[in-house]
Ligand code: P6P
């Protein structure tokens, strides 16, 4: 099979369509290289001296794992010198990080969750990096939070790396969603699935069932009907999966279909949900929609939300289009 590396794919996209500009191609290659470094650190596990807690907490008031901090550093350092960014924002940092003065600034903004699912690191379960790319509005500084507060529809690119049995990069620049697998001998991400399509129907749903008593009625109804299976109104049996790493759960859905739900519940209602809009729900929503799926809060399309705060949270229901539509219909 002809090997198409990420670089060749991006050059061909740049040549063939208007989806990739040179600076965006540079940005994506820099992020992919940073994800390779993170993959190496994650892959060392206990031998790398990077498991366990860092002894600090982040803006979300969550205990940081050493690998959270290391992954954040890797992404900051990788993106400082290229001249493609105006600023960066991370789940691990309260404020956006400006590009150091000694380097030129570019027109893009990069937002990321450097290591999502980090509660799974110490038990050797797949984790990942999620990133989103926006243009920096003219006249605004890349270190000004306001520059980042754009709806998900303004994203020019989004992707995730999943550090699992293989390391993969799943990417969109607005012209479909494409999957690459890290060839460790080459040291390159190689195209392994062009134009991924999420099946419109599914019999698999992902939700943390221990929150059932906190869910709103539409979600309780939807899950109850799945559990009733053939005997119930759905007329078919369902299966459930919950890795508790959004990247792993969403990757499974991008690969074989399903619906991922972290809905509003009584526990998270006051903060608006559990997952973050700018660097989890929006990039995953872009990838899922480009793969033919849907991404909703239950009451509105995630990518239509105009953010008020950099670290704001939203309810998330995304995956197989017809199944998301059913959950949304119960919210009406
Ligand atoms: P719970 C990981 O901490 C995360 O942010 C997502 O990756 C994941 O989907 C969710 O939280 C898991 O949450 O409540 O099941 O532990």
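The values are calculated or read from the model by the stated rules, or taken from the named source; none is laboratory data. This one's a predicted model, so the numbers in the text were calculated from it and none came from an experiment. Because the Cβ atoms are built from the backbone with ideal geometry, glycine has one as well, and the counts that use them run over all protein chains shown.
Annotations for the structure displayed:
- Filtering the range 118-141 to residues that are away from the ligand (no atom under 12 Å from the Cβ) and either crowded, with 23+ Cβ neighbours inside 10 Å or outside any loop (DSSP other than H, G, I, E, B) (or both) leaves 122, 123, 131, 132, 133, 134, 135.
- Residues in the range 315-328 include none that are touching a residue at least 40 places away in the same chain (Cβ under 8 Å), closer than 28 Å to residue 161 by Cβ, part of a helix (DSSP H, G or I) and within 16 Å of the ligand (Cβ to nearest atom).
- Residue match in the range 229-242 (condition: touching a residue at least 24 places away in the same chain (Cβ under 8 Å), within 16 Å of the ligand (Cβ to nearest atom) and not in a strand (DSSP E or B)): yes
- Within the range 182-213, the set of residues being more than 25 Å from the chain's Cα centre (by Cα) and assigned by TED's automatic domain parsing to the domain that holds residue 294 comprises 213 only.
- Of everything in the range 16-42 that is modelled with pLDDT under 95 and within 21 Å of residue 193 (Cβ to Cβ), the residue that is farthest from the chain's Cα centre (by Cα) is 16.
- When the range 200-214 is limited to residues that are surrounded by fewer than 19 Cβ atoms within 10 Å (Cβ to Cβ) and more than 16 Å from the ligand (Cβ to nearest atom), the one that is nearest to residue 158 (Cα to Cα) turns out to be 200.
- Selected residue (only one of 171, 186, 191 is away from the ligand (no atom under 16 Å from the Cβ), in a strand (DSSP E or B) and closer than 22 Å to residue 75 by Cα): 171
- Flag for residue 35 being surrounded by 15 or more Cβ atoms within 10 Å (Cβ to Cβ) and touching a strand residue (DSSP E or B) at 6+ places or on another chain (Cβ under 6 Å): yes
- All conditions in (1) at pLDDT 95 or above; (2) within 13 Å of the ligand (Cβ to nearest atom) hold for residue 259, with the sole exception of (2).
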